[in-house]
1. List the residue pairs whose Cβ atoms are under 6 Å apart, where the first residue sits in the range 157-170 and is in a loop (DSSP other than H, G, I, E, B) and open to solvent by 10 Å² or more (accessible area, probe 1.4 Å), the second is among the small types (Gly, Ala, Ser) and modelled with pLDDT of 95 or more, and the two are 6 or more positions apart or on different chains.
2. Go through the range 98-117 and count every residue that is closer than 11 Å to residue 38 by Cβ and either assigned to a loop (DSSP other than H, G, I, E, B) or open to solvent by 10 Å² or more (accessible area, probe 1.4 Å) (or both).
3. Given (1) of a type outside the set (D, E, K, R); (2) modelled with pLDDT of 95 or more; (3) surrounded by 13 or more Cβ atoms within 10 Å (Cβ to Cβ), identify the lone condition not met by residue 82.
4. Can you tell me which residue in the range 60-79 is modelled with the highest pLDDT, limited to those that are surrounded by fewer than 20 Cβ atoms within 10 Å (Cβ to Cβ) and of a type outside the set (Lys, Arg)?
5. Could you list all residues from the range 125-146 that are in a strand (DSSP E or B), among the polar types (S, T, N, Q) and open to solvent by 30 Å² or more (accessible area, probe 1.4 Å)?
6. Go through the residues of the range 189-203 one by one and say whether even a single one is under 22 Å from residue 55 (Cα atoms) and at pLDDT 70 or above.
7. Out of the range 178-199, which residues are touching a Lys or Arg at 6+ places or on another chain (Cβ under 7 Å), buried (at least 16 other Cβ atoms within 10 Å of the Cβ) and under 23 Å from residue 16 (Cα atoms)?
8. Does residue 122 fit the bill of being over 14 Å from the mean Cα position of the chain (by Cα) and open to solvent by less than 10 Å² (accessible area, probe 1.4 Å)?
Amino acid sequence: MRFGKRMQPITNRWIARSSKIGDRPVFDRSEFAWVEMLEAHWEEIRAEAAAALQDLEEVPPLASVSPDHRRIAPAGRWRSFFLIGYGYREENNCRACPRTTELVSKVPGLNSAFFSILVPNTRIPTHTGVTKAFLTCHLGIQVPREKDKCRMRVVDQWLSWEEGKALVFDDVFEHEVQNDTDETRIVLLVQFRRPVGVIGKIVGGLFLEGVRRSRFVQEARRGITQWSEQRRAGAKQAAAE
């Protein structure tokens with residue numbers, strides 16, 4: 001982790017220079033052909049999300065499964081239903097959302113895919129992502145009616161979600177999120193490899209493999225597995241009683 005943090009700004013500069021689509025905070029979704037595929041099937045994705053997320057208490061808070069997010073994740077208020085994380089599949093969740101899993105698996109260079117849930121009256125403070133090796137796409141699944149009170153700032157741009165529409169941005173640029181409404185916001189969050197040249201592929205690939213094997217990812221994997229096992233054990237006990 002210490003070595004990775006020292007190398008992070010260096011590798012990000014190399015990746016940015018190698019980028020085939022420039023280095024800017026927000027991208028037009030039309031630059032990525034597969035985004036249209038997700039938008040075209042968003043209602044199927046929404047139906048699976050509605051079934052899987054009926055009880056948000058069954059969805060782990062990000063701060064519980066990923067200790068590195070505790071600084072920015074309000075306790076119990078930012079929840080994540082992982083399908084795929086850094087290439088690792090959460091099989092129970094994938095079985096619960098087979099169509100969504102099938103669709104995101106078609107995204108070129110997929111790194112992670114999960115439903116990101118922000119409960120009412122929650123703010124995520126300014127923070128930055130790990131690496132420019134990938135970009136982030138948010139597909140709006142459930143968006144509060146007061147859009148001006150539920151939005152995301154990326155550097156100096158305020159972005160609002162729309163159901164069935166995607167936003168694409170580079171999370172290495174500083175960003176913050178606010179949901180100042182009485183409704184829950186849900187997006188399908190997809191992280192995917194940035195289109196880059198040969199140098200960017202080599203540098204980004206090595207850095208991502210290091211992150212994948214790091215405590216940051218492995219602790220999150222264990223946290224998700226433990227949460228899932230505890231919930232299944234609790235359900236079995238309740239059924240037995």
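1. 162/140; 163/140; 165/140
2. So in the range 98-117, the residues closer than 11 Å to residue 38 by Cβ come out as 100, 103-104, 106-107, 113.
Keeping just the survivors that are either assigned to a loop (DSSP other than H, G, I, E, B) or open to solvent by 10 Å² or more (accessible area, probe 1.4 Å) (or both) gives 106-107.
Final tally of qualifying residues: 2.
3. Result: residue 82 fails condition (2) only.
4. 76
5. Initially, the range 125-146 is screened for residues in a strand (DSSP E or B), giving 125-127, 134-142.
Add one more test, that the residue is among the polar types (S, T, N, Q), and what stays is 126, 136, 142.
Answer for the range 125-146, where residues must be in a strand (DSSP E or B), among the polar types (S, T, N, Q) and open to solvent by 30 Å² or more (accessible area, probe 1.4 Å): 126, 142.
6. Within the range 189-203, the subset under 22 Å from residue 55 (Cα atoms) is 189.
If we keep only those that are at pLDDT 70 or above too, we end up with 189.
Looking for residues that are under 22 Å from residue 55 (Cα atoms) and at pLDDT 70 or above, one finds at least one in the range 189-203, hence yes.
7. Those that are touching a Lys or Arg at 6+ places or on another chain (Cβ under 7 Å), buried (at least 16 other Cβ atoms within 10 Å of the Cβ) and under 23 Å from residue 16 (Cα atoms): 194, 195, 196.
8. Details: over 14 Å from the mean Cα position of the chain (by Cα): yes; open to solvent by less than 10 Å² (accessible area, probe 1.4 Å): yes.
Criteria met by residue 122.
The values are calculated or read from the model by the stated rules, or taken from the named source; none is laboratory data. As the structure is a computational prediction, the values presented were derived from the model and not from experiment. Ideal geometry is used to build each Cβ from the backbone, glycine not excepted, and the neighbour counts take in all protein chains shown. Quick note on the areas: whole protein, heavy atoms, side chains included, nothing else; ligands and nucleic acids left out. Shrake-Rupley method; radii C 1.70, N 1.55, O 1.52, S 1.80 Å.
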